[in-house]
Amino acid sequence: MGLTMNEFTVQFIATLLKFAVIAGLCINIPPIMVWAERRVPAFMQRRKGPNRVGIFKWRLYGLLQSAADAVKLIFKEEVVPEGAAKAFYHIAPVFSVFPAIMVAMAIPYGPDIQLFGYTIPLSVIRVDVGFLFIFAISSLAVYGVTIAGWASNNKYSLLGALRASAQMISYEIPLGMSLIPIVLLYGSLDLNTIVIAQSQIWKWGVVLSPISFCLFVIAMFAETNRAPFDLAEAEGELVAGFHTEYTSAKFAAFFLAEYVSMFVLSCLAATVFFGGWQIPFFDIRSLDVLIGIPGVSGLVGFGVLFVKAAFFMWLYVWVRWTIPRFRYDQLMSLGWKFMIPIGLLNVVVTAIVLAVIRF
Amino acid sequence: MVPVEHYFVLATVMFFLGICGALFRRNLIMVLMSIELMLNAVNLVFIAAGRGNSSLDGQIMVVFVITVAACEAAVGLAMVIALFRKYGTVNTDFLRILRG
Amino acid sequence: MFDLPLFLNSSLLSIGVFHFFAAMITIVSLLVVVSQHPVKSAVFLVVDLFLLAGLYASMDSHFIAAIQILVYAGAIVVLFLFVIMLLNLKADSIKGLRFSAPEAAALLISFIGFLIMTFNVFRGQAPEGIKGGFSIEAIDANGGNTYMVAMRLLTTYIWPFELASMLILLAIVAAIVIAKKDKILKSLIQKELR
């Protein structure tokens, strides 16, 4: 608590800057992902995909298509369905976006950097229970979906919301259970400590606990309601699920929340299983001294994490265009009868092995 | 540092509101929610008292209270569903078999 | 000169924060109890739990704050909301609200209890508890709040902890048995449908 005036000011401004950068990044994730989600399957299916929209003659591989889409989406007419619970209908997108962006603040994006003689951590919210914080806040995402479905006064919305909330609370358990072995292995709930512990490739989470990694990836898809687990918005059955009645900017907000939570879970997977901002065989934190510019290590660490997260984002798109949708009972039996027992067994075996090794 | 008594007053208010809800709401689910409110008031007292007496036992008690609250909610809601299946209502005015 | 860090560490700010949280919690708790539609009550309950978690975090109990949001807001209230939607409950009508004699007596007694408690608190007669050895400085020196809580929970309180796990197992079985559909009823319905 011995903060001096200067240090407090620097940390305060740094926190504001970090918040602005991360929030800006989160807002820019959906357009890029929408573009990727059209170009990647086009590449897989040997067709062109959107490539026309551009500024004058620069087409940028159709990257501006999603900008055009965003503009179109925001300027559409806003329709509130009759008989909707007005207050809840309007507040549901906030319930959806808030947890997604809040969780993005707790990911460590790089090593602590030294600027002007002050140590600045590269995550906006630094708590010693980072893991629990992420789980706690991301478990609030269910409310956005549920309230949206209930408030729109539409049976398809309600069915979609019920499906989505049942799915999300079911798959939260394997998601949490897959990360308990990691907490046991590295002995900390602080994400930054876990990243620092993964300095070599044989210390990565994916090497030490591959079963955890498999469980995490499956649960990650289910948690974000993405294919092959996108039953909540199965077009053939439920129109569009919980956001059937949403238009314009509110619809865009649900879109934003979905893609941001995908990004956050990708970052978490990279952080926990693939060493976060660390590169094997080289300590990024020594870059500051090597190059001589303070803060370079932070930028490089951020880039490394981003590349690793981009792999998972790509995996999302890849799986979406490869695996058909599950049936609802298959989804539930996969979660409760397969993943939770395996997860429990994984925790017990890891604990026993660790106890034997450390004995 | 805030005096412990302030937390106690807040918890008392919450507990009283919970009692009112549990007594006067006719919806069974609302009764269960009011009970959750009362349990939370108790949690607040545990944590504040634990901190005021520089002890950790308050926080540990809260872990147990949350466990019991989760069990209570699960069993209680299961009973609500069973009652709804049998009688088609969860209004306590109509559930009066035990009243003779 | 206005010294911001000193102000931030002073008791004035923490009391201000507490009063803000206290006012919010009181209002939201009231809304939980008086909202006519159960869904509204459930949403206000989530807000209430979130504010309480903030209060816990301001008392350096980060672990409990996280558990509060994770278990209460993330699981229990979702369950409530889920059941409300599953049963498709409508808003309560205020007309049906009436007092019966035992309820009025219970309210009176609890109100008297409330007055006694508040009075005692303001008189400053709260009994002096046993001072434990875990002041905030001692906790920080020994590895932080989460570590200390875990150590105490898994050594001194290991048997209650195991009992709690048995209780959860019991609750799972009980919930499934109670909410399971009646088999005889089901076969009867199927016979009717045929």
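The values are calculated or read from the model by the stated rules, or taken from the named source; none is laboratory data. Note that the structure is predicted; figures quoted are calculated from it, not measured. For neighbour counting, all protein chains shown are included, and Cβ atoms are generated from backbone atoms with ideal geometry for every residue, glycine included. For the accessible areas, the whole protein counts, side chains as well, though only heavy atoms, and no ligand, DNA or RNA atoms are used. Shrake-Rupley method; radii C 1.70, N 1.55, O 1.52, S 1.80 Å.
Details
- Of the listed requirements (1) at pLDDT below 80; (2) buried (at least 17 other Cβ atoms within 10 Å of the Cβ), A:E258 misses just one: (1).
- Any hit, region B:68-87, residues being under 24 Å from C:V83 (Cα atoms), of a type in the set (D, E, K, R), open to solvent by 30 Å² or more (accessible area, probe 1.4 Å) and under 11 Å from the mean Cα position of the chain (by Cα): yes
- Filter pass, B:V13 being part of a helix (DSSP H, G or I) and more than 8 Å from chain C (Cβ to nearest Cβ): no
- Residue within region C:125-140 that is surrounded by 15 or more Cβ atoms within 10 Å (Cβ to Cβ), at pLDDT 80 or above and among the hydrophobic types (A, V, I, L, M, F, W, C) present: no
- So C:A164, is it at the interface with chain B (Cβ under 8 Å from one of its Cβ atoms), within 22 Å of B:G50 (Cβ to Cβ) and modelled with pLDDT of 80 or more: yes
- Of everything listed in (1) touching a helix residue (DSSP H, G or I) at 6+ places or on another chain (Cβ under 7 Å); (2) closer than 20 Å to A:V264 by Cβ; (3) open to solvent by 50 Å² or more (accessible area, probe 1.4 Å), the single unmet condition for A:F98 is (1).
- Yes/no for A:P30 being touching an Asp or Glu at 6+ places or on another chain (Cβ under 9 Å) and either in the same structural domain as A:F311 (by TED's automatic domain parsing) or assigned to a helix (DSSP H, G or I) (or both): yes
- Qualifying position, being among the aromatic types (F, W, Y), in the same structural domain as A:A270 (by TED's automatic domain parsing) and surrounded by 24 or more Cβ atoms within 10 Å (Cβ to Cβ), among A:Y171, A:Y118: A:Y171
- Looking across region C:13-65, the residues that are within 16 Å of B:L10 (Cβ to Cβ) and outside any helix (DSSP H, G or I) come down to C:M59, C:S61.
- Here the helices (runs of 4 or more DSSP H) wholly within region A:200-283 that include at least 1 residues being within 16 Å of the chain's Cα centre (by Cα) and of a type in the set (A, V, I, L, M) are A:210-223, A:248-273.
- Once region A:290-314 is narrowed to residues that are free of Cβ contacts under 8 Å to residues at least 24 places away in the same chain and part of a loop (DSSP other than H, G, I, E, B), the residue that is most open to solvent (accessible area, probe 1.4 Å) is A:I293.
- Answer residue from region A:135-154, given it is open to solvent by less than 10 Å² (accessible area, probe 1.4 Å) and assigned to a loop (DSSP other than H, G, I, E, B) and is farthest from A:F251 (Cα to Cα) among those: A:S139
- Among the candidates A:A42, A:A104, residue that is at pLDDT 80 or above, farther than 30 Å from A:L175 by Cα and open to solvent by less than 90 Å² (accessible area, probe 1.4 Å): A:A42
- Selection of region B:16-60 for residues being among the polar types (S, T, N, Q) and either facing chain C (nearest Cβ under 7 Å) or open to solvent by 30 Å² or more (accessible area, probe 1.4 Å) (or both) yields B:N27, B:S34, B:N40, B:N53, B:S54, B:S55, B:Q59.
Residues checked against (1) open to solvent by 20 Å² or more (accessible area, probe 1.4 Å); (2) closer than 29 Å to A:R325 by Cβ; (3) not assigned by TED's automatic domain parsing to the domain that holds A:V260:
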site: A:V127; (1), (2), (3): yes, no, no
site: A:Y156; (1), (2), (3): yes, yes, no
site: A:L208; (1), (2), (3): yes, no, no
site: A:L215; (1), (2), (3): no, yes, no
site: A:A219; (1), (2), (3): no, yes, no
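- Options A:Y109, A:Y89; residue that is of a type in the set (F, W, Y) and under 21 Å from A:K308 (Cα atoms): A:Y109
- Index of the failed condition, A:L287 passing every other in (1) surrounded by 18 or more Cβ atoms within 10 Å (Cβ to Cβ); (2) out of contact with any helix residue (DSSP H, G or I) (no Cβ under 7 Å at 6 or more places or on another chain); (3) without any contact (Cβ under 8 Å) to a residue 24 or more places away in the chain: (2)
- All positions within region A:53-68 that are in a helix (DSSP H, G or I) and either open to solvent by 40 Å² or more (accessible area, probe 1.4 Å) or in the same structural domain as A:S248 (by TED's automatic domain parsing) (or both): A:L60, A:Y61, A:L64, A:Q65, A:A67, A:A68
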